[in-house]
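> A single structure is presented below for examination.
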Amino acid sequence: MMRERSPYIIAFFVMHALGCGGSHDGPRRYELSGSVTYEGMSVSIGEIHFEPDASKGSMGPGTVAQIREGKYVTPRGKGTVGGPYIARLFVYDGRPKDESHAPLGNLVAGPFNVTLDVPDRDATHDFELPPN
């Protein structure tokens, strides 16, 4: 009985290793990470909205990264695709009045609009935000 199942088990592991059954729609996305400072201090809590810069012909998908303790990383599998992007950064105070309305707290500064060329590979980019 075990010998009858062996080919199926082997086939399952081979197909799983080759990626059969799973699909990634759209272009390959890469991880973007780094640090964020505002007025020389690490941003405790915030968000970065990465939007393709259509004025420069970029039509890839956008993504949002959370800033925590001065660091951010795009969500796994939902990063950037490379090319011209506009990063819109928001700095919050981390004191929410109502979790459903403003879970990150009150807006302290932003949006800061930063243009950047993102490489088509995993990369880092640090943001130093000026006084508002």
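No value in this document is a laboratory result; all are computed from the given coordinates. Source: prediction; values computed, not measured. Positions of Cβ are generated from backbone atoms using ideal geometry, with glycine treated the same way; all protein chains shown enter the neighbour counts.
> Pull out all pairs, ordered by first then second residue, where Cβ-Cβ is under 7 Å, the residues are six or more apart or on different chains, the first lies in segment 39-52 and is within 15 Å of E128 (Cα to Cα), and the second is in a loop (DSSP other than H, G, I, E, B) and among the charged types (D, E, K, R).
Hits for this filter: S42/E69; S44/E69.
> If N113 meets every condition in (1) in contact with a strand residue (DSSP E or B) (Cβ under 6 Å, 6 or more places away or on another chain); (2) surrounded by fewer than 16 Cβ atoms within 10 Å (Cβ to Cβ); (3) assigned to a loop (DSSP other than H, G, I, E, B); (4) not basic (K, R) apart from one, which number is that one?
Single failed check for N113: (3).
> I've got another one for you. Of everything in segment 73-132, what is among the polar types (S, T, N, Q), more than 24 Å from S55 (Cβ to Cβ) and under 17 Å from the mean Cα position of the chain (by Cα)? Give them in sequence order.
T124
> Still on this structure, please answer the following. Within segment 78-93, does at least one residue satisfy the condition of being among the acidic types (D, E), part of a strand (DSSP E or B) and surrounded by fewer than 16 Cβ atoms within 10 Å (Cβ to Cβ)?
Looking for residues that are among the acidic types (D, E), part of a strand (DSSP E or B) and surrounded by fewer than 16 Cβ atoms within 10 Å (Cβ to Cβ), one finds none in segment 78-93, hence no.
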